[in-house]
1. I need the calculated FRET efficiency for the pair residue 642 and residue 417, taking r as the beta carbon distance and R₀ as 45 Å, to the nearest 0.05.
2. Could you calculate the FRET efficiency of residue 218 with residue 397 from 1/(1 + (r/R0)^6), where r is the beta carbon distance between them and R0 is 25 Å, rounded to 0.05?
3. Could you list the residues of segment 175-199 with an amide nitrogen less than 13 Å from a label point located 7 Å from the Cα of residue 163 in the Cα-to-C-beta direction?
4. Determine the gain in length on full extension of the stretch residue 461-residue 155; use 0.36 nm per residue of separation and subtract their C-alpha separation, reporting nm with one decimal.
5. Over all distinct Cα pairs, what is the inverse of the mean 1/r for segment 569-643, reported as the Kirkwood hydrodynamic radius in Å?
6. Compute the whole-percent fraction of alpha carbon pairs in segment 123-192 spaced more than 16 Å apart.
7. Within 10 Å, Cβ to Cβ, of residue 339, how many net charges do the neighbouring residues add up to if Lys/Arg are +1 and Asp/Glu are -1?
8. Quick check: from the Cα gyration tensor, does segment 547-671 come out rounded (a/c under 1.5), prolate or oblate?
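The values are calculated or read from the model by the stated rules, or taken from the named source; none is laboratory data. This one's a predicted model, so the numbers in the text were calculated from it and none came from an experiment. Quick reminder, even Gly has a Cβ in these numbers, built from the backbone with ideal geometry, and neighbours come from all protein chains shown. Please note that ligands, DNA and RNA were not included when accessible areas were found on the heavy atoms of the full protein model with its side chains. Shrake-Rupley method; radii C 1.70, N 1.55, O 1.52, S 1.80 Å.
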Amino acid sequence: MRTPKSLRTRAVAAAVSAGVFFFVSGTAASKANGVSRNPIGAVARLFNPNLVKVEDRVEFLSRQLITLARHEEHFLKTGLGCRGARFRENDPDPQVVLDLGKEYPIEALFLVPLQGEFAGSNNIFPKRFTLEFSKKEDFSEKRILYKSGEQYFPETGGKPVKFSGQGGVARYIRLTVNQGQLRGSSEIFGLSEIMVISDKYPVSLGCNVSATGAMLVENVWYPEALTDGRMPLGIWQGGNWITRESRGELVEVASADQQVSWSISLDQPTELDLVILYPYDVRDALEAGILPESLELQVRSSPGEEFHTAKTWKTPMRGTNHEVPLVLNCRGITASEVRIVGRQARQVGDKLLYGLSEIELWSGHQNISAGRDVVSVVGDEVSHTETLTNGFTSERSIMPIGTWLNQLHDRWRVEREIEALQPMRNQMAAESELNATWGSAMMLGLTFLIPVFIVERRRLISRNQVDQLRKRIASDLHDDIGSNLGSISLIARTARKDLVRLHGPDEVAEDLGEMESIARESSLAMRDIVWLLERKQDSIGDLVQRMRETAGRLLREIDYTIECESTKTAAKLSLDAKRHLFLFYKEAIHNVLKHSGATSTSIRLWDDGDKLALEVVDNGKGLPVVNEDGKENPRRVRKLDERARVLDGALVFASAPGGGTRVLLTVKRSLLIASTTTK
């Protein structure tokens with residue numbers, strides 16, 4: 001049961017006018033609970049101890065969230081994970097089996113969901129599954145770690161899901177998917193990583209994986225991606241921010257094939273397990289995570305010997321931003337000195353860069369490189385540094401991966417509990433305040449009829465405005481999704497006729513591919529519209545974050561930068577302004593992607609006096625030219641003009657054939673900021 005806003009307003013007025021006792025009592029109760037409340041609400045809580053307990057619990061959980069690692073999803077382009085499917089009802093359950101190489105006491109096992117772009121609101125995390133471990137390859141003797149039974153596993157929210165090892169010892173781990181997510185007539189499932197922790201060490205990294213029912217795509221979907229450490233959750237980091245002087249090493253070179261090397265000497269010949277390389281993050285300036293495009297791991301067993309190449313690695317997709325560490329499986333390699341040789345630099349804009357933020361050499365569950373001197377060689381220049389072994393990435397301190405995953409799992413658990421408590425808290429608060437309000441209102445009688453009328457009238461006006469806005473957004477939803485779904489129906493009908501007429505499936509591949517593309521665009525459009533309706537994400541800073549996510553999704557094949565130089569990022573946007581600004585931005589980058597032929601684009605948001613300015617610049621072929629009054633001007637884009645006109649802003653196009661396009665929108669900030677009466 002919710003308390004109407006006008007009723008809460010009457011409660012505040014009643015409590016203030018009722019006397020000093022109500023005000024003092026309410027203020028004291030608010031301070032005692034560490035929460036700012038209106039006086040009548042505080043008085044009501046004095047008589048409802050259950051409400052106080054629930055609110056204290058929510059406040060405690062909220063404080064706990066601050067101490068946990070943050071969930072920051074990154075969009076990967078390669079090594080996404082493993083997908084599997086059951087295409088027919090009688091097909092066996094798909095399975096994934098991990099061979100850890102030897103027996104380990106299992107401390108915990110984590111299942112990491114796929115990234116949001118592929119999972120979305122309809123993710124493909126298994127609905128029902130069984131986890132088993134065994135010392136024998138054939139699982140003739142096994143122990144069940146988890147079994148769903150007939151219950152569906154709850155929504156993960158993109159967070160890693162933890163299962164306790166229960167003190168068991170195992171070499172083999174088996175995941176059996178009893179029921180996946182229904183897609184047409186098939187059941188599909190997918191995971192980004194299966195992480196097994198023993199003695200706080202990730203024993204599953206680099207281990208052998210086999211799968212039945214896997215849907216393979218080279219360099220994108222394959223079983224080995226489940227144990228390569230590549231997760232959309234990014235780098236396992238947390239705690240304090242690093243100083244700029246200790247972020248790692250970023251080297252600019254003159255040519256892409258100029259080599260850079262980093263060497264670490266060990267005390268004695270040591271058998272290695274893993275080498276983990278952390279990217280250098282220059283997101284603040286160039287929006288990129290830097291690793292060499294190709295590299296070699298070279299070792300030598302004793303001083304004086306020649307280095308020999310133990311491992312080579314090359315990025316599957318050149319120009320990819322590296323948001324996750326690179327894990328090299330080095331089991332069976334012994335070295336007294338290790339050298340990382342960058343063979344090809346990463347190009348970012350017009351710069352050729354090599355970068356690393358940390359090098360970890362793991363042996364016997366210990367990072368033996370921690371605190372050691374690193375010899376860096378660039379051409380003829382030799383230098384020494386400890387910033388590559390100081391335990392920090394380019395942003396924060398590195399956490400043990402088991403601790404990091406535990407904190408992300410705890411965040412999921414805490415957020416679910418808060419989500420479950422909030423409706424209970426709201427209902428109890430509404431009922432308590434309602435009772436206290438009616439008591440105060442009956443005492444004051446007719447004195448407050450006029451203020452109540454004014455407040456009620458304002459509430460109705462505000463409600464009508466919100467209703468009109470929701471109708472317009474619903475219309476957008478209908479236009480986007482309805483039109484796309486109609487296209488899907490038509491294409492499906494055409495595909496079916498082609499299949500019957502041509503007696504084979506090959507000729508309809510193009511139609512079905514187009515159907516898949518339209519369906520994906522429909523899903524993304526739905527997510528954007530739902531975000532536009534979210535009141536809790538209505539600041540300029542929230543808009544910039546959504547702009548970054550949209551660019552990461554759409555501009556994958558284009559180098560891009562996003563810069564926000566506004567000092568007003570905490571200012572709240574009205575729903576209408578938020579909607580038109582975001583759709584203007586989305587239309588602008590769609591034009592860059594589909595029509596410009598550009599290879600790079602820059603997006604900038606800044607304060608221009610009392611105005612907010614948004615600029616999108618690309619290096620594409622430019623806009624078509626039209627003659628107006630004897631002058632050649634770039635043709636204007638109708639949809640962008642319409643959005644700018646609705647925002648009452650000024651829109652400028654600057655373009656030259658083959659010289660790129662510049663789109664600049666400026667809007668008075670006073671027209672964008674939400675007033676308190678409409679919130």
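1. Efficiency computed from Cβ-Cβ geometry: 0.50.
2. Approximately 0.10, to the nearest 0.05.
3. 175-179, 194-197
4. Extra length from residue 461 to residue 155 when fully extended: 106.3 nm.
5. Result for segment 569-643 stands at 14.3 Å.
6. Tail of the P(r) past 16 Å holds 54 percent of the pairs.
7. That works out to -1.
8. Judged from the Cα gyration tensor, segment 547-671 comes out oblate (a/c at least 1.5, b/c at or above a/b).
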